[in-house]
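Novice: Sending over a structure as structure tokens; questions will come in a sec.
The values are calculated or read from the model by the stated rules, or taken from the named source; none is laboratory data. This is a predicted model, so every value here is computed, not measured. In this analysis, Cβ positions are derived from the backbone assuming ideal geometry, glycine residues included, and neighbour counts consider all displayed protein chains.
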Amino acid sequence: MTAYRPAPAERPRILVVDDDPINRLVARILIEARGYEVIEAEDGEAALAAYAETSDIGLVLMDLAMPGMDGLTAARNLRSTSRRGATVPIVALTRHIDDNSRRNCFDAGMNGFLPKPISAAGIESIVCLVGHGAYRAHHA
């Protein structure tokens, strides 16, 4: 499989939100190998602050279970903060992909799931979607 690599002008940043530094590191390595820049946040509050400070985030990968503000609350807040926050793709990072968890994520405004442990194939499928149009449409 050949990884999609965006042209320099098309490179949105990807916000990775997870309280586990190892999970953030693995995601960073896999995402940067595909030509994207990563911004990290350790909880929902830090994610909201990073998103507000950075105008070119094209995707948010959001852990669900974090101390302080959890991923569902952070997604709801992100969706309600601005037009840009209402449309950015948010993908849940979770070990829980049962029907109830999926419903809770969609109800919070998330767009999809990436099961843990994070894999190269999972990251490829997510960033490939962003690289092939979601970010450009989001910022058109």
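Novice: Which condition from (1) surrounded by 18 or more Cβ atoms within 10 Å (Cβ to Cβ); (2) modelled with pLDDT under 95; (3) among the acidic types (D, E) is the one that E10 breaks?
Specialist: Among (1) surrounded by 18 or more Cβ atoms within 10 Å (Cβ to Cβ); (2) modelled with pLDDT under 95; (3) among the acidic types (D, E), E10 violates only (1).
Novice: When you go through I29, I22, I97 one by one, which is the residue that is touching a Phe, Trp or Tyr at 6+ places or on another chain (Cβ under 6 Å) and surrounded by fewer than 19 Cβ atoms within 10 Å (Cβ to Cβ)?
Specialist: I97
Novice: If the Cβ limit is 9 Å and pairs must be 6+ apart or interchain, which residue in the range 90-105 that is under 17 Å from D20 (Cα atoms) pairs with which residue that is among the hydroxyl-bearing types (S, T, Y) and part of a helix (DSSP H, G or I)?
Specialist: Here the result reads A92/S101; T94/S101, each pair linking the range 90-105 to a residue that is among the hydroxyl-bearing types (S, T, Y) and part of a helix (DSSP H, G or I).
Novice: Mind counting the residues in the range 44-93 that are among the β-branched types (V, I, T) and buried (at least 17 other Cβ atoms within 10 Å of the Cβ)? Before you say what the answer is, go through the steps one by one.
Specialist: If we filter the range 44-93 for residues that are among the β-branched types (V, I, T), which is where we start, we get 54, 57, 60, 73, 81, 87-88, 90-91.
If we keep only those that are buried (at least 17 other Cβ atoms within 10 Å of the Cβ) as well, we get 57, 60, 88, 90-91.
Going through the range 44-93 one residue at a time, the tally reaches 5.
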